[in-house]
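Visitor: Below: one structure in structure tokens.
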Amino acid sequence: MPRYLVRSIAFCVALAVAWPMAFASDASSQPAMHGPAEPCLGGVGGVYLLAEPGELTIEVFKRDRNRRGSPAVLRAILVGPDRRVIQEVTIPDDGQTRGSGWGPVQQTRISTQVDRPGVYALNITVSQDRYGDEMVWGFATNCPRYLIETSRGHKDERHQEPIVLAGSDQPVDVCFVPRRGPLTIDVVGLPVSAGKIELFNGLGESLAEIPVGADGTAAHTVGVEVPRDGQPWRLSLPVRQATVQIDGVTRWDSDDLYPDLSCWTTEPSAHFPLLEYRWLLTPYSRTVYASPGESGETAFRVHNNSSRTSTIQLALEFPGQPWPAELSVERMVVKGKQSAEVTVRYAAPGDGGSRTCHLRATPVEATDFTTYSTLEIRAGEAPALKPLTLPLTLKPYQHENEQFGYLPDYPLENQLYFDLRNRPFTMTSRGIALLEDGQWIDAPWRSAVQESASEPNRSAYRLTGTKIAFDRSGGVYALGSAGSRTALLHSTDGGKTFSTYPLPDRDNPARTHDFEQFSGHNLLDGPPPIVRYALTGSDPKLFWRRLNDLELLVPKVEDGRLTVGEPILISRKCIGLSLHSGIPSSVVSRGDRVHVIWAEATEPTEKVPGVPTYVVTYDRATSTLGTPALVGYGAPPNDIHNSPSITMDSQGYLHVLAGTHGRPFQYARSLEPNDASSGWTEAEPVGEDLPQTYIGLVCGPDDTLHLAYRLWRYGQPPHPHSHHATLAYQRKPPGNPWEEPRVLIVPPFSEYSVYYHRLTIDRKGRLFLSYDHWSTFWFYRNDHLGRRRSLIMSADGGIDWQLATDLDP
């Protein structure tokens, strides 16, 4: 008999003896346990627990399906209400061979002492299985109030989180808060012997007995006329073998109160109002560095996620001796789906030590729900002020503030751009902010737009995109839209007010615009050239294949008036533009010459190594468009991810990268300065076998090329059982090959990540890399309200990096 079978049989025998003993109902020796108490839950995600003071214990179970053969290592992380990691454990792959079927049940225990009540979280992920298809998991806890959140990795389709049950023949209840509108329940995968399933309201009254068909399916719709009593409903299944879809719980419409939050429980009494008070108090923790005796304040956000107005009681709690800290307000009224701000004012201890306090929030309407955030004041200089030891490894629930005390005073919503005086500008939710005389000025957008009699609805325009451009005379440019109209926005007073210049319209509303921004050596003499991508077709058989008309618009100033002009057709086969990460440059210019780069779709039957990438030059003086030059291919073909990028050096030579999706970028340089039609170097990879995506490219004062992108790594720490996506950097000094990649940021979880990174450069040649880590796992992303964007910078050409602090011109 194979050794692994001997081990498995021994394990199962031991478990069969131990498991019933572990959960024997002996009230005198053990508290009651709650939850499925077996591995029966498909998918990944986790559990939220409203814990009271005392010991909190959680048994975590896992059982492998062994269908694919890849190692399925379960990672379980318990965090407190302030999201500080309490314990992290793993359950290994069971060692069975591929195709061997269900493996043995494995389990582990997590426990902690709860000092103060609040919402704890158990995070569950599995290596090489972001959808949780290759195992089932479960839990048993002594906490009587809990909610399961089924949250897999993302898919490029409508978000759904079906409840997959693959366990024993024991009955199970799926308890959930019903949506306000019509509600349909679809269940598949039931054994025919199940006969029926039954739906009960919050009072325990039967709403429907739903027959199970011969194909193992059951379906039922509840109309709006059926009262929703505010209590969770209960769907009772005779066995733990089914896949359940419930409108408003596992799939959502735009008007649902709690979209993308698949929260449910197996016991009606376990429910608590997490959905109504999700993100009640954030950030969950805040670390502040201060000098001894220094006074300061820090803000927390109070959020009401329900649809009704709520009153929130606030209080400070001290784990030891109280120290000087006070709230700006102890009670606030917050409207439904709105947030408000509370400030904690403090004085750092004079003894040079650290102090901690907890900010508690309790809804007056639901006093049994309560949670807290933690504020820690540490003495001394924040590590964020020092150069980073690379890579910066993000840890679960411990990002830049928790690790380094990163707490910048500048806007973080988007990347920075720098005018000719080297003042930083950035887009915000209010408008465009700039740093002037040491102060950030954030002009509200509606007050910044100039009205005119010829165009009285200018204020209806809103900012679109995140790029900002500047010309030699101090003009500031952005793009805006109003309905289907797009306009170039121009400011002559440093970004305080803008005039709007509508672009020529098109019949096709599906379009994207981009314009030239500073990338190192392209100083604009006037308005920036604009490129427009108008979607004309897609391919249902090739998900990432698109067809776009690519057009160039060349605004100019005549007799003191800005005019946009008519569009110039560049290509009818453009693949499109991917701007969310990298923010590649589509156009660069010098003098009268404008250079546009793009990639094209090809016929699916055509054998090509990737998307063909072209550059063309338009001459403003003669109004002529040159012949497009093929500069390389970005693999794979017909993939909109593969957006190329272009920049130029101090001499005017053009440098391009063909975009790829998980393949090495292809680099080429023009043979003549400021000219795309006089030949190019042969395209070459920036590195061998580099799985790269999302180009961010600029050129330094010494003509060094700087590149930031996503880079995959496989089987390497800190995620040795799987793959993970890093944020990486490379550079190419003039006349030298590309240097080896340097990993800048490592994600807290394995599997898919993206960084929404944007690489920019200031007029001194300092590099600024803005990024916002995004994990594929909905459970982790759902837990955080808002963004996590941070900014690192290098003042020495990419050698040393640190969290950005000095933004002064």
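The values are calculated or read from the model by the stated rules, or taken from the named source; none is laboratory data. Being a predicted model, the structure only gives us computed values, none of them experimental. Here the Cβ is made from the backbone with ideal geometry for all residues, glycine too, and neighbour counts use every protein chain on show. Note: areas computed on protein heavy atoms with side chains; ligands, DNA, RNA excluded. Shrake-Rupley method; radii C 1.70, N 1.55, O 1.52, S 1.80 Å.
Let's see how each residue does on (1) of a type in the set (F, W, Y); (2) out of contact with any Ser or Thr (no Cβ under 8 Å at 6 or more places or on another chain); (3) surrounded by fewer than 22 Cβ atoms within 10 Å (Cβ to Cβ):
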site	(1), (2), (3)
N642	no, no, no
L657	no, no, no
R669	no, no, yes
W680	yes, no, yes
P685	no, yes, yes
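Visitor: Could you give every pair whose Cβ atoms fall below 7 Å, whose first residue belongs to the stretch 266-277 and is among the hydrophobic types (A, V, I, L, M, F, W, C), and whose second residue is in a loop (DSSP other than H, G, I, E, B) and open to solvent by less than 40 Å² (accessible area, probe 1.4 Å), counting only separations of at least 6 or pairs across chains?
Guide: F272/F369; L275/Y258; L275/L261; L275/N305
Visitor: Let me ask you something else. Please note which strands (runs of 3 or more DSSP E) are completely contained in the stretch 269-344 and include at least 3 residues that are of a type in the set (G, A, S).
Guide: Working: elements: 285-290, 295-304, 310-317, 325-327, 331-334.
Filter on the stretch 269-344 gives 295-304.
Visitor: While we're here: List every residue pair whose Cβ atoms sit under 6 Å apart, with the two residues 6 or more apart in sequence or on different chains, where the first one lies in the stretch 99-111 and is within 14 Å of P71 (Cα to Cα) and the second, anywhere, is assigned to a strand (DSSP E or B) and acidic (D, E).
Guide: Qualifying pairs under 6 Å: G103/D64.
Visitor: So which residues in the stretch 617-640 are assigned to a strand (DSSP E or B), open to solvent by 40 Å² or more (accessible area, probe 1.4 Å) and under 14 Å from H595 (Cα atoms)?
Guide: Keep residues of the stretch 617-640 that are assigned to a strand (DSSP E or B), which gives 617-619, 624-625, 629-634.
Among the residues that remain, those that are also open to solvent by 40 Å² or more (accessible area, probe 1.4 Å) are: 624-625, 630, 633.
Residues satisfying the conditions are T624, L625, L630.
Visitor: Considering only residues that are more than 23 Å from Y146 (Cα to Cα), assigned to a loop (DSSP other than H, G, I, E, B) and small (G, A, S), which ones fall in the stretch 164-207?
Guide: Matches in the stretch 164-207: G181, G189, G195.
Visitor: Further, regarding this structure: Using the structure shown, decide if N422 is part of a loop (DSSP other than H, G, I, E, B) and either open to solvent by less than 30 Å² (accessible area, probe 1.4 Å) or among the aromatic types (F, W, Y) (or both). Quick ask: steps written out before the conclusion?
Guide: Values: part of a loop (DSSP other than H, G, I, E, B): yes; either open to solvent by less than 30 Å² (accessible area, probe 1.4 Å) or among the aromatic types (F, W, Y) (or both): yes.
So N422 passes the test.
Visitor: What's the number of the only condition in (1) of a type in the set (S, T, N, Q); (2) part of a loop (DSSP other than H, G, I, E, B); (3) crowded, with 20+ Cβ neighbours inside 10 Å that S650 fails to meet?
Guide: Result: S650 passes all but (3).
Visitor: Then there is this: Test E59 against the criterion of being modelled with pLDDT of 95 or more, open to solvent by 10 Å² or more (accessible area, probe 1.4 Å) and within 28 Å of the chain's Cα centre (by Cα), and give yes or no. Walk me through how you get there before you give the answer.
Guide: On the way: modelled with pLDDT of 95 or more: yes; open to solvent by 10 Å² or more (accessible area, probe 1.4 Å): yes; within 28 Å of the chain's Cα centre (by Cα): no.
Criteria not met by E59.
Visitor: Looking only at residues that are surrounded by fewer than 19 Cβ atoms within 10 Å (Cβ to Cβ) and among the acidic types (D, E) in the stretch 226-255, which one is modelled with the lowest pLDDT?
Guide: Here the answer is D229.
Visitor: Scan the stretch 789-806 and give yes if some residue there is small (G, A, S), closer than 30 Å to I91 by Cβ, open to solvent by less than 40 Å² (accessible area, probe 1.4 Å) and touching a residue at least 24 places away in the same chain (Cβ under 8 Å), otherwise no. Before you say what the answer is, go through the steps one by one.
Guide: Narrowing the stretch 789-806 to residues small (G, A, S): 790, 794-795, 797-798, 804.
Subset that is closer than 30 Å to I91 by Cβ: none.
Looking through the stretch 789-806, none of the residues is small (G, A, S), closer than 30 Å to I91 by Cβ, open to solvent by less than 40 Å² (accessible area, probe 1.4 Å) and touching a residue at least 24 places away in the same chain (Cβ under 8 Å).
Visitor: Here is a follow-up. Just one of (1) over 26 Å from the mean Cα position of the chain (by Cα); (2) under 25 Å from V222 (Cβ atoms); (3) at pLDDT 95 or above; (4) of a type outside the set (S, T, Y) trips up G181, so point out which.
Guide: G181 satisfies every listed condition except (3).
Visitor: Okay, next question. Quick check: anything in the stretch 235-255 under 19 Å from S151 (Cα atoms), in a loop (DSSP other than H, G, I, E, B) and hydroxyl-bearing (S, T, Y)?
Guide: yes
Visitor: Is there a residue being among the polar types (S, T, N, Q) and surrounded by fewer than 18 Cβ atoms within 10 Å (Cβ to Cβ) anywhere in the stretch 142-151? Please lay out each step first, then the result.
Guide: Narrowing the stretch 142-151 to residues among the polar types (S, T, N, Q): 142, 150-151.
Checking which are surrounded by fewer than 18 Cβ atoms within 10 Å (Cβ to Cβ) leaves us with none.
No, there is no match, as no residue in the stretch 142-151 is among the polar types (S, T, N, Q) and surrounded by fewer than 18 Cβ atoms within 10 Å (Cβ to Cβ).
Visitor: Using the structure shown, decide if P104 is open to solvent by 30 Å² or more (accessible area, probe 1.4 Å), out of contact with any strand residue (DSSP E or B) (no Cβ under 6 Å at 6 or more places or on another chain) and not basic (K, R). Break it down stepwise before answering.
Guide: Details: open to solvent by 30 Å² or more (accessible area, probe 1.4 Å): no; out of contact with any strand residue (DSSP E or B) (no Cβ under 6 Å at 6 or more places or on another chain): yes; not basic (K, R): yes.
Considered against the rule, which asks whether it is open to solvent by 30 Å² or more (accessible area, probe 1.4 Å), out of contact with any strand residue (DSSP E or B) (no Cβ under 6 Å at 6 or more places or on another chain) and not basic (K, R), P104 comes out as no.
Visitor: Here's a follow-up. Quick check on my filter: what residues within the stretch 524-538 are among the charged types (D, E, K, R) and either open to solvent by less than 10 Å² (accessible area, probe 1.4 Å) or at pLDDT below 90 (or both)? Reasoning before the result, please.
Guide: Going residue by residue through the stretch 524-538, those that are among the charged types (D, E, K, R) are 525, 532.
Across the stretch 524-538, the qualifying residue is only R532.
Residue by residue, here is whether (1) in contact (Cβ under 8 Å) with a residue 40 or more places away in the chain; (2) of a type in the set (A, V, I, L, M, F, W, C); (3) closer than 27 Å to V114 by Cα holds:
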position	(1), (2), (3)
T282	yes, no, yes
S295	yes, no, no
F318	yes, yes, yes
L327	no, yes, yes
G336	no, no, no
E341	yes, no, no
R355	no, no, yes
T374	yes, no, yes
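Visitor: I'm told R763 meets every condition in (1) assigned to a loop (DSSP other than H, G, I, E, B); (2) within 16 Å of Y417 (Cβ to Cβ); (3) of a type outside the set (A, V, I, L, M); (4) within 18 Å of the chain's Cα centre (by Cα) except one. Can you identify the failing condition by its number?
Guide: Of (1) assigned to a loop (DSSP other than H, G, I, E, B); (2) within 16 Å of Y417 (Cβ to Cβ); (3) of a type outside the set (A, V, I, L, M); (4) within 18 Å of the chain's Cα centre (by Cα), only one is false for R763: (4).
Let's see how each residue does on (1) modelled with pLDDT of 95 or more; (2) within 30 Å of H159 (Cβ to Cβ):
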position: A270; (1), (2): yes, yes
position: L274; (1), (2): yes, yes
position: W279; (1), (2): yes, yes
position: G293; (1), (2): no, no
position: G296; (1), (2): yes, no
position: R301; (1), (2): yes, yes
position: N304; (1), (2): yes, yes
position: E317; (1), (2): yes, no
position: C357; (1), (2): yes, no
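Visitor: May I pose another question? Which numbered condition trips up V174, out of (1) of a type in the set (A, V, I, L, M, F, W, C); (2) closer than 30 Å to Y284 by Cα; (3) open to solvent by 30 Å² or more (accessible area, probe 1.4 Å)?
Guide: Checking V174 against (1) of a type in the set (A, V, I, L, M, F, W, C); (2) closer than 30 Å to Y284 by Cα; (3) open to solvent by 30 Å² or more (accessible area, probe 1.4 Å), the one that fails is (3).
Visitor: Which is part of a loop (DSSP other than H, G, I, E, B) and surrounded by 23 or more Cβ atoms within 10 Å (Cβ to Cβ), of F749, F779? Give the derivation first.
Guide: Working: F779 fails: part of a loop (DSSP other than H, G, I, E, B).
Every option except F749 fails the conditions.
Visitor: Turning to a different aspect of this structure: With respect to E376, is the statement that it is on the phi < 0 side of the Ramachandran plot, modelled with pLDDT of 95 or more and open to solvent by less than 50 Å² (accessible area, probe 1.4 Å) true? So that I can check it myself, show each step before the final result.
Guide: Working: on the phi < 0 side of the Ramachandran plot: yes; modelled with pLDDT of 95 or more: yes; open to solvent by less than 50 Å² (accessible area, probe 1.4 Å): yes.
So E376 fits the description; yes.
Visitor: For the stretch 33-44, does any single residue satisfy the condition of being over 19 Å from E149 (Cα atoms) and open to solvent by less than 30 Å² (accessible area, probe 1.4 Å)?
Guide: No, that holds for no residue.
Visitor: Please go through the stretch 460-489 and pick out each residue that is out of contact with any His (no Cβ under 8 Å at 6 or more places or on another chain) and open to solvent by 20 Å² or more (accessible area, probe 1.4 Å).
Guide: Of the stretch 460-489, the ones out of contact with any His (no Cβ under 8 Å at 6 or more places or on another chain) are 460-463, 466-474, 478, 480-485, 487-489.
Selection gives A460, R462, L463, T466, R472, S473, G474, A482, G483, S484, R485.
Visitor: β-branched (V, I, T), surrounded by fewer than 19 Cβ atoms within 10 Å (Cβ to Cβ), in contact with a helix residue (DSSP H, G or I) (Cβ under 9 Å, 6 or more places away or on another chain) and under 30 Å from P424 (Cα atoms): which single residue out of T492, T497 fits that description? I'd like the intermediate steps shown before the answer.
Guide: Details: T492 fails: in contact with a helix residue (DSSP H, G or I) (Cβ under 9 Å, 6 or more places away or on another chain).
Exactly one residue qualifies, and that residue is T497.
Residues checked against (1) closer than 30 Å to W774 by Cβ; (2) in contact (Cβ under 8 Å) with a residue 12 or more places away in the chain; (3) in contact with a Leu (Cβ under 9 Å, 6 or more places away or on another chain):
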position: F518; (1), (2), (3): yes, yes, yes
position: L524; (1), (2), (3): no, yes, no
position: P527; (1), (2), (3): no, yes, yes
position: K541; (1), (2), (3): yes, yes, no
position: V554; (1), (2), (3): no, yes, no
position: E566; (1), (2), (3): no, yes, yes
